[in-house]
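The values are calculated or read from the model by the stated rules, or taken from the named source; none is laboratory data. Only a predicted model underlies this, so the values are computations on that prediction, with no experimental measurement involved. Positions of Cβ are generated from backbone atoms using ideal geometry, with glycine treated the same way; all protein chains shown enter the neighbour counts. Note: accessible area is taken over every heavy atom of the protein model, side chains too, but ligands, DNA and RNA are not part of it. Shrake-Rupley method; radii C 1.70, N 1.55, O 1.52, S 1.80 Å.
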There are 2 protein chains.
Amino acid sequence: MDIKYINGGVTAPKGFLASGIHCGLKPGSLKKDLALIYSEVPAAAAGMYTKNKVKGAPIYITKEHLTNKKAQAIIINSGNANTCTGDDGLQKAKKMASLQAKELKLKTDDVLVASTGVIGVPLNIDAIKNGIPLLTENLSMEGSNDASEAIMTTDTFQKQLALEFYIGDKKITIGAMAKGSGMIEPNMGTMLSFITTDLSISPELLHEALKSTVNVTYNRVSVDGDTSTNDMVLILANGSAENPTITKKDENYDAFLNALTDLSTIMAKNIAKDGEGATKLLECQIIGAKSDKDAVVLGKSVINSSLVKTAMFGSDANWGRILCALGYADIDFDTEKVDVTFESSAGSIKVCEAGSSLPFDEGIAKKVLNEKEIVIKVNLFLGNHSAYVWGCDLSYEYVKINGDYRS
Amino acid sequence: MDIKYINGGVTAPKGFLASGIHCGLKPGSLKKDLALIYSEVPAAAAGMYTKNKVKGAPIYITKEHLTNKKAQAIIINSGNANTCTGDDGLQKAKKMASLQAKELKLKTDDVLVASTGVIGVPLNIDAIKNGIPLLTENLSMEGSNDASEAIMTTDTFQKQLALEFYIGDKKITIGAMAKGSGMIEPNMGTMLSFITTDLSISPELLHEALKSTVNVTYNRVSVDGDTSTNDMVLILANGSAENPTITKKDENYDAFLNALTDLSTIMAKNIAKDGEGATKLLECQIIGAKSDKDAVVLGKSVINSSLVKTAMFGSDANWGRILCALGYADIDFDTEKVDVTFESSAGSIKVCEAGSSLPFDEGIAKKVLNEKEIVIKVNLFLGNHSAYVWGCDLSYEYVKINGDYRS
């Protein structure tokens, strides 16, 4: 099945408009901070959220509005996460939705809400209220760039993707925008991703597809091990492609799931690559595991290890740190069967075999590890399950962004 | 019960000698790298080891030798961890013990082994063999400084402690030396601690006491979340104080446990304080928890969080990051009941109440956080269990030590 990537983002699919404006939420900044995605017709909708017990107010409101599995708009602000703000925060998140709904002549629960930014600071709902008319007026098929910009915090590049594929003779388009895990202000990163599609699919299957996809993509990214209070992935499917509605897990469902996963994989890697201070994208491939679950836990252990991340920053082929990270993950494996190989566009080099050292050319290892995208391949030789986990290196810049206010 | 701290280390208790020499294990360095602790009479012995599935060869040998719960000497080398070295490594660890045993006229299994240093590099057993005669000859009651120096890797200060207390009219002494979690070469940190005492106690109770102590001290230190492949705590109790042998958990056992825990707490904090690149010791106190176990998991989540550690490096009163770390620890708690307070010798300041922001004086917060020892106190208001966990901040120096080989 052919997937073709095209230019664009959330407005690429039929019947979607978007906008992004500055309404004044980032102190002393004229950057855009308010975004809107709108479907011209009601859409099936689904969401996946952070597992952190501390959740931003928008998450409670959005979950509530998704009880009926339908929505028609998503309003997002940056500059303030509206988290740890008590009942006041909940009321304001609700208000954001209702003000936007009114402007669009929708019911309040047809509007979903997301926020990213500073924690523990009351949301400036007045600025948002004042911005909503312009935000709504600016909705257009060309609005995805503005929307994508408005959700950014410390992202160094906009993250937008769009693709098309066919179901029968019907062209299906999927678009997405996301923001990565980094913020200039000293607060935590949040992963937000908003996906639009003109596919016609039942809400239940849309949720299934999103859940499957998120599990093997966004949930396999770790920049610094901290899961934000505001992480959210939302998808709207408005049926405007007019394909026969997908109501069971047939080959059309598979085609959609495949495309959605492909797009989300790229998006997840972009988020990992843009981690605070990152100079390299790291992909840990755990293969030959007893189960997918084991593979993911092991992969995350490697990707989260400060010692592995700093070694990668320094282009050091330190496989001992990788073995150490595997070893404390609390998953059974045979320490005398593990192979470790580093791969990149400059080549590949095996550095550990059967859990022990292997003579290798340090010069080649340095070449391989000096690249900007590195694969750490770990073969456990225990089964046929595998998982890929993404992250980034740990540099001075990370410490500077998150800890050094003198500079 | 009075504990009195005195000068000294592992040779403070009656009947213990120690030595430390250079035998040539650290390439291009004349630093000491081989240490020996010796009891003039056989001693009850116990050990606790890393839970990492990847274990250094010395751990296997030492565990084997401790099956009979007795020992009389411990030989330790730095410069090479003898880990991920396969069968060759196991044989060499065994050989270290047997060569030393021969020199001391002991049985091989009366000698315990430990190593710290580079991983995956074959151990230079010949250098050790050549060093053992001098190492043994140098044994003296004044040898604890040399021994303590010989086990260091990136430690910036020696870690030795000694104390005395009384059981009836018998003076009991406990001595200890430890090394922290840092290495100049780009490898992982290892926590090693060696404890000596002239107490007379049954081997079973010695093991119980060590286990209890380790659980609330060494196991509550995290420098960077990486549990080394070589972590080990060993204790020898040679009975030379001639107190009535402790055979049940009576008040004398309690007195010993109390002293051992007190000493190990200080040692654990010293290890945390000397974490690579650390500029501050962090103590996270989780109070009001439902269970000790919950409290420890929550405390470790906070102490391990890169975002919390960098905030502390920058003296930033960022309680949001602390709440976030608590939230992803996968422990139930009421997010609307949490208080967070920062304390140090410069004062204390509450920054979060009932899970929400509290207005606080940024100037005072900065003063409190600029100190070198900071307490992050989290009250969950759920029960009466608590735990203290120690770690350190995350600085540029950590990245430099572990990742930057250009410098």
Legend entry - Tally of residues being at pLDDT 80 or above and either aliphatic (A, V, I, L, M) or not assigned by TED's automatic domain parsing to the domain that holds B:Phe16 (or both) across the range B:141-183: 14
Inset, instruction - Kindly indicate which of B:Ile119, B:Ile128 is away from chain A (no Cβ under 14 Å), within 26 Å of the chain's Cα centre (by Cα), buried (at least 19 other Cβ atoms within 10 Å of the Cβ) and farther than 20 Å from B:Leu66 by Cα. - result: B:Ile128
Legend entry - Test: residue in the range B:127-145 that is closer than 22 Å to B:Met48 by Cβ and in contact with a strand residue (DSSP E or B) (Cβ under 8 Å, 6 or more places away or on another chain): yes
Legend entry - Yes/no for B:Leu394 being surrounded by 17 or more Cβ atoms within 10 Å (Cβ to Cβ), at the interface with another protein chain (Cβ under 10 Å from one of its Cβ atoms) and part of a loop (DSSP other than H, G, I, E, B): yes
Inset, instruction - Of the conditions (1) touching a residue at least 60 places away in the same chain (Cβ under 8 Å); (2) more than 12 Å from chain A (Cβ to nearest Cβ), B:Ile61 clears all except one; give me its number. - result: (1)
Inset, instruction - Go through B:Ala268, B:Ala255, B:Ala259 for me and flag whichever is over 10 Å from the mean Cα position of the chain (by Cα) and under 30 Å from B:Asp109 (Cβ atoms). - result: B:Ala259
Inset, instruction - Those residues that are at the interface with chain B (Cβ under 7 Å from one of its Cβ atoms) and either under 27 Å from the mean Cα position of the chain (by Cα) or among the acidic types (Asp, Glu) (or both), I need them from the range A:327-339; list them, please. - result: A:Tyr328
Inset, instruction - Scan the range A:100-111 and give yes if some residue there is open to solvent by 30 Å² or more (accessible area, probe 1.4 Å), touching a residue at least 40 places away in the same chain (Cβ under 8 Å) and not aliphatic (A, V, I, L, M), otherwise no. - result: yes
Inset, instruction - Looking only at the range A:298-312, count how many residues are more than 7 Å from chain B (Cβ to nearest Cβ), crowded, with 24+ Cβ neighbours inside 10 Å and not basic (Lys, Arg). - result: 7
Inset, instruction - Give the residues of the range B:66-103 that are touching a strand residue (DSSP E or B) at 6+ places or on another chain (Cβ under 6 Å) and part of a helix (DSSP H, G or I), sorted by residue number. - result: B:Leu66, B:Gly86, B:Ala93, B:Met96, B:Ala97, B:Gln100, B:Ala101
Inset, instruction - Scan the range B:270-293 for residues that are buried (at least 21 other Cβ atoms within 10 Å of the Cβ) and assigned to a helix (DSSP H, G or I) and jot them down. - result: B:Ile271, B:Ala272, B:Lys273
Inset, instruction - Would you mind finding the one in B:Lys26, B:Lys14 that is in contact (Cβ under 8 Å) with a residue 60 or more places away in the chain, open to solvent by 50 Å² or more (accessible area, probe 1.4 Å) and either in a loop (DSSP other than H, G, I, E, B) or of a type in the set (Asp, Glu) (or both)? - result: B:Lys14
Inset, instruction - Could you list all residues from the range B:131-159 that are of a type in the set (D, E, K, R), in a loop (DSSP other than H, G, I, E, B) and open to solvent by less than 70 Å² (accessible area, probe 1.4 Å)? - result: B:Asp155
Inset, instruction - Check whether at least one residue in the range A:356-372 is touching a helix residue (DSSP H, G or I) at 6+ places or on another chain (Cβ under 7 Å), farther than 28 Å from B:Glu276 by Cα and more than 12 Å from every other protein chain (Cβ to nearest Cβ), and report yes or no. - result: no
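Residue by residue, here is whether (1) at negative phi; (2) open to solvent by less than 20 Å² (accessible area, probe 1.4 Å); (3) of a type in the set (Ser, Thr, Tyr); (4) modelled with pLDDT under 95 holds:
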position: B:Glu185; (1), (2), (3), (4): yes, no, no, yes
position: B:Thr196; (1), (2), (3), (4): yes, yes, yes, no
position: B:Leu210; (1), (2), (3), (4): yes, yes, no, no
position: B:Asn215; (1), (2), (3), (4): yes, no, no, yes
position: B:Arg220; (1), (2), (3), (4): yes, no, no, yes
Legend entry - Test for B:Asn252: is it more than 23 Å from B:Leu298 (Cα to Cα), open to solvent by 30 Å² or more (accessible area, probe 1.4 Å), assigned to a helix (DSSP H, G or I) and not small (Gly, Ala, Ser): yes
Inset, instruction - Please tell me if A:Glu40 is among the acidic types (Asp, Glu) and free of Cβ contacts under 8 Å to residues at least 40 places away in the same chain. - result: no
